[in-house]
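One structure is given below, encoded as C-alpha cells.
The values are calculated or read from the model by the stated rules, or taken from the named source; none is laboratory data. As the structure is a prediction and not an experimental result, all values here were calculated from the model. Virtual Cβ from ideal backbone geometry, glycine too; neighbours counted across all protein chains shown.
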Amino acid sequence: MFRNKLVLGMSVAGTLVGGAVLLKDCMQGARFQRSDVRADGKIAIVTGANTGIGMETVMGLANRGATVYMACRDMKKCETARTEIVLETRNANVFCRECDLASLQSVRKFVKQFKTEQTRLDILVNNAGVMRCPRTLTAEGIELQLGVNHMGHFLLTNLLLDILKLSAPSRVVVVSSLAHERGKINIQDLNSTKNYDPATAYDQSKLANVLFARELAKRLEGTGVTVNALHPGIVDTELMRHMGLFNSWFSSVLIKPFVWPFLKSPIYGAQTSLYAALDPDLEKVSGQYFSDCAPKDVAEQAKDDKLAKWLWAVSEKWTGTLTGTAAVS
C-alpha cells in the first residue's frame, strides 16, 4: 500500500515538474531566428554586459562575428563574463571597459577611451538598468533609477552620436520595459525628492527610455542612424535583486517555484535586443517599440511629443550635454 502511494506520489510530482518545464518553454517568447545574419566587421557597445540579458546580447553579437565592447561597472565580473563569452564563441574581439552609468564622469571617460580605440560604432545597446532599489543618488545627485536607466544612457548616446553618424547605417537599441505603460513623468518632482516609491521611480525611468528613443529617432531622421526601444519580457535576472517577493526565504520556497515557469531565461530575454540590433529588415526602421521580435504599440503617455521635448531639455541640463558640466537643479 505504502509503495503504491509512493509510486503515485512520484508520478504526480514528475507530471507537475514536466508540466512546469513545458509551460516555461512555451512562455519563452520569440527567438531571433536569422542565423544567416552575420555581424563581421561591426563594432558594438553593450552596457550592463556582465550578466543577464546584457551578457546574452554580447554572446549573440560575438557569435555572429562582431567586435563587442562590454561597458560595465564591475570589472571583475566583466572579465569573468568575457572569458566565458570568448570561450563559447571563439571570438577574441570582446573587450571589457569600465563604464559606471551612475557617474557621468565615468561615462565621459569611457567614451573618450573608446574613441581612441575605434573609429566607428555600428551598434549601441543601452541595456544596463537598476530596478526598484532603495532611494539612492548617483554621483551627480540624480535618483539612481532615473540616473542609470535614463540619464547615464542619455549622455552616453549623445557623446557617441558623432561616431554613430560616421558609421551609418548604424543602430541604437534602448532596452525599456512593459513597465513604461504604468509610468508617469513627474514634472514637479522628477528627481523624486519630495516623495520616493521604488516602483513608481522605476516605471518613470522606463517611460523615459521610450520617450528618449522616440525623440532621438526624430532628431536623427536622414542620418542613417536608427533608434528603437523594446520590452525584453519578464526575465529571471539579477535586476530583481531588490524585490523582496523574489529574494526572501519564504518566496524562494513557496512563491518562486510557481512564478518560475512564467519567467524568461536571459538568453530569450536578449532575443528582441538582437533582433533590433541585427535584423536586415529594420535597417531603415526607427522610432519603434518591439516585444518578442515584433512591433508593439506604446502607452499613450509615451506618444507625448511635448513631454519628450521637455524631458530632453532637462536631460541636457542635468547631464551637462550642452555645457560640459553636470548638475541637478
Checklist entry - If you take the residues of the range 78-110 that are in a helix (DSSP H, G or I) and basic (Lys, Arg), which of them is surrounded by the fewest Cβ atoms within 10 Å (Cβ to Cβ)? => result Lys109
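Residue by residue, here is whether (1) buried (at least 23 other Cβ atoms within 10 Å of the Cβ); (2) without any contact (Cβ under 8 Å) to a residue 40 or more places away in the chain; (3) part of a loop (DSSP other than H, G, I, E, B); (4) over 19 Å from the mean Cα position of the chain (by Cα) holds:
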{"site": "Val68", "(1), (2), (3), (4)": "yes, yes, no, no"}
{"site": "Lys112", "(1), (2), (3), (4)": "no, yes, no, yes"}
{"site": "Phe154", "(1), (2), (3), (4)": "yes, no, no, no"}
{"site": "Val172", "(1), (2), (3), (4)": "yes, no, no, no"}
Next on the checklist: I'd like to check something: does the range 126-139 contain any residue that is outside any helix (DSSP H, G or I), farther than 17 Å from Ser176 by Cα and touching a Cys at 6+ places or on another chain (Cβ under 6 Å)?
Outcome noted: no
Next on the checklist: Restricting to the range 220-250, name every residue that is modelled with pLDDT of 80 or more and exposed (fewer than 13 other Cβ atoms within 10 Å of the Cβ).
Outcome noted: Glu221, Gly222
Next on the checklist: So, Leu161, is that one touching a residue at least 40 places away in the same chain (Cβ under 8 Å), under 16 Å from Arg132 (Cβ atoms) and not hydroxyl-bearing (Ser, Thr, Tyr) or not?
Outcome noted: no
Item to check | Selection within the range 174-211 - basic (Lys, Arg), free of Cβ contacts under 8 Å to residues at least 60 places away in the same chain and in a loop (DSSP other than H, G, I, E, B) | outcome: Lys194
